[in-house]
Ligand code: SF4
């Protein structure tokens with residue numbers, strides 16, 4: 001692994017190593033839903049899910065994937081002199097689709113200078129048929145494939161409390177199925193779920209390291225007014241940990257994380273409109289920079305405590 005100035009294996013550096021230059025991720029918004037909303041896996045969705053969620057920076061899904069990508073590419077190309085792009089199917093569960101339609105949407109995104117397709121979905125929406133489509137596209141076009149899986153926590157008690165609609169078992173199964181095809185896997189985690197403590201944070205790092213996940217994205221809870229968890233927060237049914245504790249959890253997580261795993265983000269970005277809680281009213285980059293500063297001061301980095309796999313007792 002190449003040593004970077006940051007105390008972890010940063011995604012931007014990884015992309016530069018892989019593609020030889022800076023690569024830009026462009027969101028693609030498909031008219032899809034989620035099986036945890038429509039009754040297939042559950043109803044009501046995850047208790048924190050505020051519908052617009054991750055899609056707040058996306059274009060309308062009334063535009064085709066091709067039109068969305070072309071518009072975004074034109075803008076980013078001019079602004080940053082960019083040459084290579086990742087088509088990022090970001091909202092909801094992008095494999096929760098009929099296989100033919102899934103393939104048609106993906107093929108629309110194979111444009112010149114698109115080097116990778118990144119598909120965000122749930123662990124219980126990984127079928128062999130969808131994976132075979134991705135495999136065929138990769139072989140025909142040479143685009144790389146990454147699948148992003150929401151997990152949020154490995155604590156199955158907490159997963160139940162947030163009405164996630166799947167447990168750790170389905171996540172592990174999804175990962176093993178994807179690995180048969182050799183696609184990269186990114187996993188999303190929320191490090192301040194109210195029922196999780198630092199032991200859960202460590203277990204998150206250990207399980208993702210044991211599974212040899214490719215990359216991770218860390219988030220803090222984002223609570224909107226009209227969500228079940230937002231109402232619990234307003235009724236003071238749980239206490240939110242402080243920003244300092246969140247930062248400590250991120251550092252602990254990174255220390256236990258395999259140094260091979262790429263770190264895409266330490267905290268998410270979200271709109272403030274109609275929000276009850278967003279990142280302790282602190283900008284994401286300030287929180288990130290402070291974590292960098294603390295780690296530098298303590299002379300610690302990702303993987304410092306990654307010593308627990310492969311027969312630890314014999315060492
Ligand atoms: S799986 Fe994602 S889209 Fe579905 S309810 Fe949960 S957070 Fe929302």
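FYI, it's all coordinate maths here, none of it is from the lab. Here the structure is a predicted model, which means the values were calculated and not measured. Positions of Cβ are generated from backbone atoms using ideal geometry, with glycine treated the same way; all protein chains shown enter the neighbour counts.
By definition, a body whose alpha carbon gyration tensor gives a ≥ b ≥ c is oblate when a/c is 1.5 or more and a/b is not larger than b/c, and region 171-302 fits this oblate description.
Estimated at 0.36 nm per residue, the fully extended path between residue 75 and residue 203 surpasses their Cα-Cα distance by 42.0 nm. As a calculated quantity, the FRET efficiency between residue 83 and residue 5 at R0 = 22 Å, using C-beta atoms, amounts to about 0.35. Within region 1-152, antiparallel bridges make up roughly 5 percent of the DSSP beta bridges whose residues both belong there.
Show that you can apply the helix-only estimate: for the chain, add -39,500 (n - 2.57) for every DSSP H stretch of four or more residues, divide by all residues, and state [θ] at 222 nm to the nearest 500. Only helices count here, giving -11000 deg cm²/dmol. Compared with the direct C-alpha span, the chain from residue 25 to residue 228 gains 70.0 nm at full extension, assuming 0.36 nm per residue.
Distance from the alpha carbon centroid of region 272-315 to that of region 134-200 works out to 20 angstrom. Annotation for residue 107 and residue 275: the two label points, set 7 Å from Cα along the Cα-Cβ direction, are 3.9 nm apart. Dimensions of region 11-305 from C-alpha coordinates, computed as largest minus smallest value along each principal axis and given longest first, are 49, 45, 38 Å.
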